[in-house]
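Okay, so here's the structure we're looking at.
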Amino acid sequence: MANGTSDTQASNQMWGGRFASGPDAIMEEINASIDFDKKLYAEDIRGSIAHATMLAKQGIITESDRDAIVSGLNTIRGEIESGNFAFSRKLEDIHMNIEARLATLIGPAAGRLHTARSRNDQVALDFRLWVKAELQRTDAALTKLIAAFLDRAEEHADTVMPGFTHLQTAQPVTFGHHCMAYVEMFGRDRARVRHAIEHLDESPIGAAALAGTPYPIDRHMTASALGFREPTRNSIDTVSDRDFALEFLSVAAITAMHLSRLAEEIVIWTTPQFGFVRLSDAFSTGSSIMPQKKNPDAAELVRAKTGRINGSLIALLTVMKGLPLAYSKDMQEDKEQVFDAAESLELALAAMTGMVRDMTVRTDRMKEAAGSGFSTATDLADWLVREAGLPFREAHHVTGRAVAAAEARGCTLSELALDDLKAINPAINDGVYSVLTVEASVASRKSYGGTAPAEVRRQIAYWRERV
């Protein structure tokens, strides 16, 4: 350390006279969190500056002590950001590392910073600030992904492709409509992110260890200074709450699940058997042995990240499930899960946004596949109901016979001769051919939220206004 005091001595000074010697190696190893919670240095310094400013305003510390504390904290921030700060595992965590360095820089005034607070509300504050900022970054990343899909949807509002259920050809849709399905998904994710920000937007600082403090603090002042809507309202819940971390992980897990579904489709679409899209070399890799291979590794890795994020959610839920009020050391296990999930989610969102913008859409292959599997069969059934007056169940039966006839002849429904169709049901006339092409099928689906190109464009306009 910079002042020449040994780490063990500094640790004992922080704890006061309670311990005559430092913890043994095992306790040090299990107790230290500095290896990961040093990520919270900026939040810790920001919170301490707001706390010191409030203490001075309330007359709890002097203005000269406040000025020394703020100056020292800003110096420490510079040291950390320049890589010149020596983190010590014996000092356990980011809070005590910063406090020890502050004592070296400004002397006894550093000890007054911890007036009217505890490490319990301090870490709750730091972590809440970090999660709030991460949610804001997630919001921005989701907005970029939605914008990428809106661009592709507008470009391909008229591009026909097969729609699937059970991964079997169902009905023709447009690729623009398919893209807009993901806009809806990720739009819900963005709404969940914003709700999560609203839920956590309360300042914990001032709750102290668990019971509040006898000092005349102004928690509304610190809440405002730190960008929170208001302070929390129960000191016990404040220091024992990690719902904000769990909610972030829950939002991350749902978002990652949506990303994984999209990644799976990209993996399928890039196969030679489908060939709906191509990814550039920027998002693909080759094979070490098969020169013809082009693997969609970016999509596969996005798909895999979902497992890590889900695991983080389950891990923290399990940590929290048996804890009595208020704070327990178990809660130190919260940060690594959140940090890892956040890193995975940021990377997955960036990679998927890149793939959506990068991929080449093979409209010819999509159109060719759109008519496969007798995808306009439902259009025939609807025509029989609408034009021939058949009950839908009877129309369904007639259509099934028409599909069987086309299958036996090795042709599509639109290629069946009129005589063949009339043999199945004499009410059929040549007007039926107007609904048996994939283009006619998608154009007819004009219901609100349907796949008709005009309706797709209407939904694009709606989302562009929202985004």
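See the values below:
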quantity	calculated
Top-ranked residue of the stretch 430-467 - restricted to ones that are touching a Leu at 6+ places or on another chain (Cβ under 9 Å) and open to solvent by 80 Å² or more (accessible area, probe 1.4 Å), ranked as modelled with the highest pLDDT	ARG464
Members of the stretch 78-128 that are among the basic types (Lys, Arg) and more than 17 Å from ALA42 (Cβ to Cβ)	ARG89, LYS90, ARG112, ARG117, ARG119
Test for GLY163: is it in a strand (DSSP E or B), more than 13 Å from the chain's Cα centre (by Cα) and small (Gly, Ala, Ser)	yes
Enumeration of residues in the stretch 168-179 that are open to solvent by 10 Å² or more (accessible area, probe 1.4 Å), of a type outside the set (Ser, Thr, Tyr) and touching a residue at least 60 places away in the same chain (Cβ under 8 Å)	GLN168, ALA170, GLN171, VAL173, HIS177
Residues located in the stretch 238-286, provided they are closer than 29 Å to PHE164 by Cβ, within 25 Å of the chain's Cα centre (by Cα) and of a type in the set (Lys, Arg)	ARG261
Unique match (being of a type outside the set (Val, Ile, Thr), open to solvent by 30 Å² or more (accessible area, probe 1.4 Å) and on the phi > 0 side of the Ramachandran plot) among GLY111, GLY83	GLY83
Cβ pairs under 9 Å, 6+ apart, first in the stretch 366-390 and farther than 27 Å from HIS156 by Cβ, second charged (D, E, K, R) and part of a helix (DSSP H, G or I)	LEU384/GLU394; VAL385/GLU394
Leading residue by the ranking (surrounded by the most Cβ atoms within 10 Å (Cβ to Cβ)) among those in the stretch 19-78 that are within 18 Å of ALA225 (Cβ to Cβ) and of a type in the set (Val, Ile, Thr)	ILE69
Positions within the stretch 265-278 being free of Cβ contacts under 8 Å to residues at least 60 places away in the same chain and in a loop (DSSP other than H, G, I, E, B), in sequence order	THR270, THR271, PRO272, GLN273
Qualifying position, being out of contact with any Leu (no Cβ under 6 Å at 6 or more places or on another chain), small (Gly, Ala, Ser), surrounded by 22 or more Cβ atoms within 10 Å (Cβ to Cβ) and over 17 Å from GLY47 (Cα atoms), among ALA153, ALA196, ALA140, ALA147	ALA153
Single residue of the stretch 226-238 satisfying the filter (among the hydrophobic types (A, V, I, L, M, F, W, C) and crowded, with 18+ Cβ neighbours inside 10 Å) that is farthest from PRO324 (Cα to Cα)	LEU226
Complete set of residues in the stretch 403-431 that are outside any loop (DSSP other than H, G, I, E, B) and under 47 Å from the mean Cα position of the chain (by Cα)	VAL403, ALA404, ALA406, GLU407, LEU413, SER414
Criterion violated by LYS422 - all others in (1) charged (D, E, K, R); (2) at pLDDT 90 or above; (3) more than 22 Å from VAL173 (Cβ to Cβ) satisfied	(2)
Residue list for the stretch 86-108, restricted to those being on the phi > 0 side of the Ramachandran plot and either open to solvent by 50 Å² or more (accessible area, probe 1.4 Å) or at pLDDT 95 or above (or both)	GLY107
Residue list for the stretch 218-237, restricted to those being over 25 Å from the mean Cα position of the chain (by Cα) and either part of a helix (DSSP H, G or I) or under 26 Å from LEU313 (Cβ atoms) (or both)	ARG219, HIS220, MET221, THR222, ALA223, SER224, ALA225, THR232, ASN234, SER235, ILE236, ASP237
Residue pairs meeting the criteria (Cβ under 7 Å; at least 6 apart or on separate chains; first without any contact (Cβ under 8 Å) to a residue 40 or more places away in the chain, in the stretch 328-349; second in a helix (DSSP H, G or I) and of a type in the set (D, E, K, R))	ASP340/ARG308
ALA124 surrounded by fewer than 18 Cβ atoms within 10 Å (Cβ to Cβ), in the same structural domain as CYS179 (by the TED database), part of a helix (DSSP H, G or I) and of a type in the set (Gly, Ala, Ser)	no
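The values are calculated or read from the model by the stated rules, or taken from the named source; none is laboratory data. Keep in mind it's a predicted model, so treat the numbers as computed, not measured. Every residue, glycine among them, receives a Cβ derived from its backbone with ideal geometry; neighbour counts consider all protein chains shown. The area values use the complete protein model at the heavy-atom level, side chains included, leaving out ligands, DNA and RNA. Shrake-Rupley method; radii C 1.70, N 1.55, O 1.52, S 1.80 Å.
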